[in-house]
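For reference, the structure discussed in these notes is given below.
The values are calculated or read from the model by the stated rules, or taken from the named source; none is laboratory data. Quick caveat: nothing in here was measured; it's all calculated off a predicted structure. No Cβ is skipped: glycine too gets one built from the backbone with ideal geometry, and neighbour counts run over all protein chains shown.
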Amino acid sequence: MLNSFPQLMVIYNELEIVRNQQEQNECLHGVASSELTNVRVLNKQGQYLNLQGQPCLALTEEQLAHLVTAYLLNEGHCCLGKIKTLSTSQAFDLLGL
């Protein structure tokens, strides 16, 4: 389900929102080849995959919450301090996906 969109990609411990194949390619364009093995993809079904489409280590709900709130803060949102954990569906909903 690597080509299932939208998806969240964790690259260099930062969250990227990917809505289609072109955005996925753009997100990966500047990633060092040595770091490609560390990229994680989260789809709406809650599956964590590596770029080969194989299951990989999932983030904890706390880690996911940290990445989502950091992304939203960077986008100018506020009042996110109470968010400590997020499920996959909550993360996608909060990001408007």
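Just a few scattered comments:
- Some residue of region 9-25 being among the hydroxyl-bearing types (Ser, Thr, Tyr), touching a strand residue (DSSP E or B) at 6+ places or on another chain (Cβ under 9 Å) and either surrounded by 11 or more Cβ atoms within 10 Å (Cβ to Cβ) or within 14 Å of residue 59 (Cβ to Cβ) (or both): no
- Filter result for residue 57 (assigned to a strand (DSSP E or B) and within 23 Å of residue 85 (Cα to Cα)): no
- Criterion applied to 44, 84 was being of a type outside the set (A, V, I, L, M) and in contact with a strand residue (DSSP E or B) (Cβ under 8 Å, 6 or more places away or on another chain), and the one residue passing it is 44.
- Selected residue (criterion: modelled with the lowest pLDDT) from residues of region 72-97 that are surrounded by 11 or more Cβ atoms within 10 Å (Cβ to Cβ), in contact with a helix residue (DSSP H, G or I) (Cβ under 7 Å, 6 or more places away or on another chain) and assigned to a loop (DSSP other than H, G, I, E, B): 80
- Each residue in region 26-54 was checked for being outside any helix (DSSP H, G or I), under 16 Å from residue 95 (Cβ atoms), more than 11 Å from the chain's Cα centre (by Cα) and among the hydrophobic types (A, V, I, L, M, F, W, C), and 0 of them qualify.
Per-residue answers, yes or no, for (1) in contact with a Leu (Cβ under 7 Å, 6 or more places away or on another chain); (2) without any contact (Cβ under 8 Å) to a residue 60 or more places away in the chain:
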site	(1), (2)
17	yes, no
38	no, yes
65	yes, yes
82	no, yes
89	no, yes
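- Residue 65 being surrounded by 11 or more Cβ atoms within 10 Å (Cβ to Cβ), under 11 Å from the mean Cα position of the chain (by Cα) and among the small types (Gly, Ala, Ser): yes
- Filtered by the rule that a residue be in a loop (DSSP other than H, G, I, E, B), of a type in the set (S, T, N, Q) and touching a helix residue (DSSP H, G or I) at 6+ places or on another chain (Cβ under 9 Å), region 1-25 gives 3, 13.
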